[in-house]
1. With r as the distance between the Cβ atoms of residue 516 and residue 401 and R0 = 51 Å, compute the FRET efficiency 1/(1 + (r/R0)^6) and round to 0.05.
2. Only residues of segment 197-217 count here: report those whose backbone N is under 15 Å from the spot 7 Å along Cα→Cβ of residue 440, or say none.
3. So how many Å³ per residue does the convex hull of the Cα atoms of segment 1-115 work out to?
4. Among 160, 509, 560, whose Cα lies farthest out toward the positive end of the dipole of the chain, if unit charges sit on the beta carbon of Lys, Arg (+1) and Asp, Glu (-1)?
5. Just want the answer: with Cβ charges of +1 for Lys and Arg and -1 for Asp and Glu, which residue in 131, 56, 659 is farthest toward the dipole's positive end in the chain?
6. What order do 76, 513, 85 take when sorted by accessible area (1.4 Å probe), most exposed first?
7. Pairs of alpha-carbon atoms within less than 8 angstrom and 6+ residues apart define the contacts here; what relative contact order does the chain have, in percent?
8. Which residues' amide hydrogens lie under 5 Å from the amide hydrogen of residue 342, considering only partners 5 or more residues apart or on another chain, with H built in the peptide plane?
Amino acid sequence: MKPNDRILLLRSTLERYNHAYYVLAQPLVSDAEFDHLLHELQDLEAQHPEFFDANSPTQRVGSDLSNEFVSAAHRYPMLSLGNVYSAEELQAFDERVCKQFDGTVEYVCELKFDGVSISLIYERGQLQQALTRGDGIRGDDVTVNVRTIRTIPLALQGNVPSPLEMRGEIILPHSSFQKMNEERIANGEPAFANPRNAAAGTLKLLDSQQVAKRRLDNFAYHLLCEEMPFATHYESLQAAQAFGFKVSEHTRLCANIAEVIDFIKHWDAARKSLPYDTDGVVVKVNNYAQQRALGYTAKTPRWAVAYKFAAEQASTTLLAVSYQVGRTGAITPVANLEPVQLAGTTVKRASLHNADQIQLLDVRVGDKVFVEKGGEIIPKIVGVDISLRPAHSEPLRYITHCPECGAALVRSNDEAKHYCPNEENCPPQIVGKIIHFISRKAMNIDGLGEETAELFYQKGLVKTVADLYSISKEALLQLERIAEKSAENILQSIAKSKTMTFERVLFALGIRYVGETTAKTIARAFLSLDALQNASIEELQAVDEVGEQIAKSVYDFMHNPKNVLLLFQLREAGLQMECSANVLINNVLQGKTFVITGTLSQPREAFKARIEQCGGKVSSTISSATNYLLAGEKAGSKLAKAKQLGVAVIDEAQLAAMIGEQSITTDKQLF
Ligand SMILES: [Zn+2]
């Protein structure tokens, strides 16, 4: 046998043994036999480097080459699901679904694993790329680390569609989590808070050999491809299993919503004996044709919903309340608690939100309080056990002055929070703004850490984020902690941030109420800083999902003279103040304004992005300036208005033709 033939035979045999052992839990050979064959393959590959294959079973042990996590675009956006918390809400979901069809609708119930979502791309059955969810549009490429996860097939079995995308959840089982934390504590490293954090941390390790040792696991739950050869989601999961994926054995096909509710009731209790964390049940319409008919809202599919199990509660003592000052000056009261175990983590602090909340709960120092953990990172206090209240306890008195700068706090009528108004001289506000600006999701100035940013402020080097762009190397070298090399790093990563998109810049500015998603929405609606600075409150409010509060906040920010100066300086420094042309694929829709309405085969955002990539604009209100109305099924008032105004009405196929594509919606499902 030629060496290459032997190599190929060993690879397929070992991958089959691996699948039997890790996915099916039915070993075909002894460990010794497996190791023997693996060593033979390693030797042959070492002798014949020309036959290298990144998907060889020998690559599952990882490599000592350092990883780099570049980001890449998802083929199909990774959307999140709408949440429900009760049987009533599920019934309502079912009614919405069923009223579109005759009779009952079949659902697939899947346990919702508490881990890290992953998208696995296979070309001709070979694993090509693994992306994290990221912002849903782009994710981090973690392929090298994912190859070490034994329950993820590197090569698929049988006749598989190509390309094929498999969505799944990477989890860390309890046993691996405990072992890992014991080792970390023994090494003097901080323990991970819970298996999900540990899984996320592991997936981003730079050394894939370390990842291989951590024993991550994966459940596959959603298959996507261009031409779906199956009629239902359940069939696709069975096929996925045959391809070699690990699909949860607890996934169940339910004939109606009553069976779904039974399934949930069972697992609400039974999940506690599972060897991994789950936080709910995902309910999906089984039939693909029905899924397509239901379509999407702006953010989520209409054919699926996530039922979240009730958060767990614990009781502990409130030791003290401290007050944090955020970058916007908002004061957050924080409860310092006697450490208590809650949903697998140790809780020492909890949010008290604001003065109203404290008053409402009448929570006092020394009280026994109930702490609950929802989806939030910081748990919250939900109640007080008054029966255990110590004698002579006194109501908590909320602070009247900023704990950091001493300024008298203000609170306007429509605000729940108190604010420190001393924007220019309150240290945590200034430093907080800088730290937010440089953070990963904002300008991603990773050469500069939080501590260095704080040092810059203390040494008077940086008072506003614009100052970052005029720092000189000489000035950096005068700081005792910074050497030549790190000075260069810092300057380089500051310079690199100038290429960050306008959406990011807008988010980085830290405008009150403008989070990542809102920044994106606003940037895409106005396309440039100029347009945004000239926008009225009404125009801002006309943007999807921008309410009065956000609109006013943006308007005030843009018209504050200090910010006008800041924005001028940032523009001079070379930051992107327009939606960049690099996302532009072509210009065929330039000068054309679209409005989108009705139920489409994909979320509106997807069509919006596509139109913008081709140079067009998308507005949320229809007027005589609108060129086209892209109308899906059940289009309502906008369609009527378009006809009245004589605006051209087009469907998906016509849009596809306009941008020179066969179709925008060829069976592409999004999840
Ligand atoms: Zn202050």
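The values are calculated or read from the model by the stated rules, or taken from the named source; none is laboratory data. All values reported here derive from a predicted model rather than from experimental measurement. Note: ideal-geometry Cβ built from the backbone for every residue, glycine included; neighbour counts use all protein chains shown. Keep in mind that these areas ignore ligands, DNA and RNA; they rest on the heavy atoms of the full protein, side chains included. Shrake-Rupley method; radii C 1.70, N 1.55, O 1.52, S 1.80 Å.
1. With R0 = 51 Å, the Cβ-Cβ based efficiency is 0.95.
2. So the set is 197-207.
3. 246 Å³
4. It is 560.
5. Looking along the dipole axis, the top candidate is 659.
6. Putting 76, 513, 85 in descending order of accessible area: 85, 513, 76.
7. Result for the chain is 10 percent.
8. 347
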